[in-house]
Amino acid sequence: MMQLKNKCTRLKSNGFLLADAVFAVFVTLLAVVTLQNMLKSIATADKAHHRTDDIVFAYVQFDHFLKEDAKTVYLFPAGTNSRQVAIKKVNQSGKTQVYILASYKDMIRMRTPEGGHMPLLLNVKKASFISKDQQIKINVVEKDGRSSEIYFKLDAKPKATKNEKRKNDEIKS
């Protein structure tokens, strides 16, 4: 009886059954397939270049700049053509500054006549500027082929005072 008991005990403790081995292989295969699909998804998402919309960011950035500490912002026709738009910004203390919004190489940037610039939009293939009354329209074609139109509404040009008119007349003569 003792031998029979030892024989049964020995059989129960010997290795895996065939069903256990098949189940273990199935679970391992399932884990490998799942990881492979996850890696494919990550690679596809990386290739898609999901980036923020640069046009919207440039619009918000420039619009914020126009409104920040500004008493009035109006079009300056003397520096405006199809390649650039000039604006005058009068701050709360009355100081006037000219800014030029222009296309340069592969970007749209804002600069001052004195120097320095702030890039607003990069990877630009082509840009053109149209100004009419109190509105600026920028047609943008990006390097990846997307095209957009950006509109900015400006203030009306303030009426010149008599002193300013006299100064302007003296400068012209």
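Only the coordinates and a few stated rules stand behind these numbers; no lab work does. For clarity, every value in this text was computed on a predicted model and none was experimentally measured. Here Cβ is always computed from backbone atoms with ideal geometry, including for glycine, and neighbour counts include all displayed protein chains.
Would you mind checking the pairs LYS89/LYS125; LYS105/LYS159; LYS126/LYS159 and listing those with alpha carbons more than 31 angstrom apart?
Values: LYS89/LYS125 28 Å; LYS105/LYS159 36 Å; LYS126/LYS159 35 Å.
As for pairs spanning more than 31 Å Cα to Cα, those are LYS105/LYS159; LYS126/LYS159.
May I have the pair-distance distribution P(r) for the range 27-160, computed from all Cα-Cα distances with 10 Å bins from 0 and rounded to whole percent?
11, 36, 24, 11, 8, 6, 4, 1, 0
From the backbone phi of the range 143-152, what are the Karplus-calculated ³J(HN,Hα) couplings (6.51 cos²θ - 1.76 cosθ + 1.60, θ = phi - 60°) in whole Hz, Gly and Pro given as x?
4, 7, x, 6, 10, 9, 10, 10, 10, 10
Sort the following peptides by mean Cβ neighbour count (other Cβ atoms within 10 Å, averaged over residues), highest first: 115-123, 98-106. Walk me through the intermediate numbers first.
Values: 115-123: 13.7, 98-106: 16.7.
Output ranking for 115-123, 98-106: 98-106, 115-123.
What's the Cα-based Rg to Rh of the range 82-123, Rh via Kirkwood? Spell out each step's value before the answer.
Numbers: Rg = 11.4 Å, Rh = 11.0 Å.
Checking Rg against Rh, the ratio lands at 1.04.
Take each of the peptides 56-62, 139-145, average the number of other beta-carbon atoms within 10 Å over its residues, and list them starting from the highest.
Values: 56-62: 15.7, 139-145: 13.1.
Top of the packing list down: 56-62, 139-145.
How large is the charge dipole for the range 42-159, taken about the Cα centre, if only the Cβ atoms of Lys, Arg (+1) and Asp, Glu (-1) carry charge, to the nearest 20 debye? Write down the numbers at each step before the final one.
Details: 20 positive and 13 negative charges, 86 e Å.
Roughly 420 debye for the range 42-159.
What dipole magnitude, in Debye to the nearest 20, does the range 15-104 give about its Cα centre under +1 on Lys/Arg Cβ and -1 on Asp/Glu Cβ? Intermediate values should be presented prior to the final figure.
On the way: 9 positive and 7 negative charges, 123 e Å.
Taking the Cα centre of the range 15-104 as origin, the dipole is about 600 debye.
Under 17 Å from a point 7 Å along the Cα-to-Cβ line of HIS64: which residues of the range 94-121 have their amide N that close?
Answer for this model: 110, 118-121.
Divide, for the range 99-142, the radius of gyration over alpha carbons by 2.2 N^0.38 Å, where N is the residue count. All intermediate terms of the calculation are to be shown ahead of the outcome.
Numbers: Rg = 10.7 Å, N = 44, 2.2 N^0.38 = 9.3 Å.
Cα Rg divided by the expected 2.2 N^0.38 Å: 1.16.
In what sequence, highest mean first, do 83-89, 37-43 appear when ranked by Cβ atoms within 10 angstrom? Spell out each step's value before the answer.
Details: 83-89: 19.3, 37-43: 10.0.
Those peptides, ordered most packed to least, come out 83-89, 37-43.
Go through the range 74-85 residue by residue and turn each phi into a ³J(HN,Hα) via Karplus (6.51, -1.76, 1.60, θ = phi - 60°); whole Hz please, and just put x for glycine and proline.
9, 6, 10, x, 4, x, 10, 8, 6, 9, 7, 10
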